Ligand SMILES: C[S@@+](CC[C@H](N)C(=O)[O-])C[C@H]1O[C@@H](n2cnc3c(N)ncnc32)[C@H](O)[C@@H]1O
């Protein structure tokens, strides 16, 4: 029997040409995880919500949450709601499955990549036929301690496994993430489209130079290039592994981008050298104080009149109480130490404190996600300060 696109191991040993997919066994393991997650968030979570909302105390707290639009008593209320949710069997089952899938994408995904290590190693090291002319600067700088976290339960953190690139590109991405329904991403959501929609939130039709701090594997650059094909793209990150993978991906797809290993609150870019800044899935991974510093740095490198567009999970104050409990769960259970602290904070206020104007926040899709925050560096900063 022929399985879709994959040659079996015997055929590979006999000189068959690899097609860069997992083995049938690896693929089915990932398929099961993706389907479980979809079932959990698509079927069990609405049932867990109904059970929560039927609780009299939860209903009262939910009404208070809806009325408290500034999120003043959010911490106490979410703590109380968390206890109620945890007392309900459907919530516990749904969260158990979320945690199980989050661990298993590594427990089964890494062996699935290892099964074909030579093939994936060859893929990440293959020469690029027609380079796009982008650059990669690796400076080997020291990372702040918080960055060493095992984010999303990834063993060893960002640099913990040399084939994390292929793991996400060939296993977790197509079989699990593609179905949505994890963290802030709604069930069935198309995360590639969400990036494009986010880029479209830039208010102007043209940008000359766009900067992305925390660009990781440069995934947002594909979307930036789709919407603003003439813009020069520059990104920075601490992870040498992610930057190398991003550079390779960009170069092999004809996408010219300049990637630099930098700590994002000290980019080294000249003052007023960009007209656009975008951040994607970044702020919930920074301590709130670092977000404040980052906004000051982005304000510095933006030209007067330049725009910043941010996509991150929604703040607790804008979501309903059940969803706040679901998001809050990430902090203790999916390697996200700052998730709740950042969702209790206000990126809007931090942008204003850094000097930005026209600050606004709004949702683009279901479950208030992606949540966009955008703002502008005023043209006349003296006048703004005086006002
Ligand atoms: C969740 S990932 C998002 C990556 C990318 N923006 C995307 O959407 O795929 C967060 C990224 O921020 C980077 N990062 C976190 N703190 C950083 C810091 N202080 N300096 C540079 N990069 C940082 C991480 O290395 C990681 O690649």
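The values are calculated or read from the model by the stated rules, or taken from the named source; none is laboratory data. Nothing here was measured: the structure is a model prediction, and the numbers come from that model. Here the Cβ is made from the backbone with ideal geometry for all residues, glycine too, and neighbour counts use every protein chain on show.
For residue 181, are the conditions met, namely being away from the ligand (no atom under 13 Å from the Cβ) and either in contact with a helix residue (DSSP H, G or I) (Cβ under 7 Å, 6 or more places away or on another chain) or under 25 Å from residue 23 (Cα atoms) (or both)? So residue 181 fits the description; yes. Here residue 187 clears all of (1) under 21 Å from residue 337 (Cβ atoms); (2) in the same structural domain as residue 318 (by TED's automatic domain parsing); (3) in contact with a helix residue (DSSP H, G or I) (Cβ under 6 Å, 6 or more places away or on another chain) except the condition numbered (1).
The rows are residues; the columns are (1) more than 13 Å from residue 247 (Cα to Cα); (2) within 13 Å of the ligand (Cβ to nearest atom).
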position: 125; (1), (2): no, no
position: 131; (1), (2): no, no
position: 135; (1), (2): no, no
position: 140; (1), (2): yes, no
position: 148; (1), (2): yes, yes
position: 151; (1), (2): yes, yes
position: 154; (1), (2): yes, yes
position: 158; (1), (2): yes, yes
position: 162; (1), (2): yes, no
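For the stretch 300-333, taking the residues that are farther than 25 Å from residue 368 by Cα and surrounded by fewer than 19 Cβ atoms within 10 Å (Cβ to Cβ), the one that is nearest to the ligand (Cβ to nearest atom) is identified as 300.
Any residue at all in the stretch 134-148 that's under 26 Å from residue 327 (Cα atoms), in contact (Cβ under 8 Å) with a residue 40 or more places away in the chain and either surrounded by 13 or more Cβ atoms within 10 Å (Cβ to Cβ) or more than 19 Å from the chain's Cα centre (by Cα) (or both)?
yes
Among the residues of the stretch 342-363, those that are out of contact with any strand residue (DSSP E or B) (no Cβ under 6 Å at 6 or more places or on another chain) and part of a loop (DSSP other than H, G, I, E, B) comprise 345, 346, 355. Across the stretch 202-214, the qualifying residues are those that are under 16 Å from residue 261 (Cα atoms) and part of a strand (DSSP E or B), and the one among them that is farthest from the ligand (Cβ to nearest atom) is 211.
Tallying residues that are part of a helix (DSSP H, G or I), closer than 24 Å to residue 197 by Cβ and touching a strand residue (DSSP E or B) at 6+ places or on another chain (Cβ under 9 Å) within the stretch 293-317 yields 3. Take residue 203 and decide whether it is in the same structural domain as residue 367 (by TED's automatic domain parsing), surrounded by fewer than 16 Cβ atoms within 10 Å (Cβ to Cβ) and at negative phi. The answer is yes for residue 203. The combined condition, being in contact with a strand residue (DSSP E or B) (Cβ under 7 Å, 6 or more places away or on another chain), closer than 30 Å to residue 114 by Cα and outside the structural domain of residue 27 (by TED's automatic domain parsing), is not fulfilled by residue 172. Among residues of the stretch 184-200 being closer than 19 Å to residue 152 by Cα and away from the ligand (no atom under 16 Å from the Cβ), the one that is surrounded by the most Cβ atoms within 10 Å (Cβ to Cβ) is 187. Flag: residue 368 matches the condition of being on the phi > 0 side of the Ramachandran plot, crowded, with 17+ Cβ neighbours inside 10 Å, more than 16 Å from the ligand (Cβ to nearest atom) and modelled with pLDDT of 95 or more. Within the stretch 276-294, residues that are more than 13 Å from residue 265 (Cα to Cα) and at pLDDT 95 or above sit with their Cβ atoms under 6 Å from residues that are within 9 Å of the ligand (Cβ to nearest atom) and outside any strand (DSSP E or B), at 6+ positions apart or across chains, in these pairs: 280/220.
Being crowded, with 20+ Cβ neighbours inside 10 Å and over 15 Å from residue 257 (Cα atoms) is a property that residue 223 lacks.
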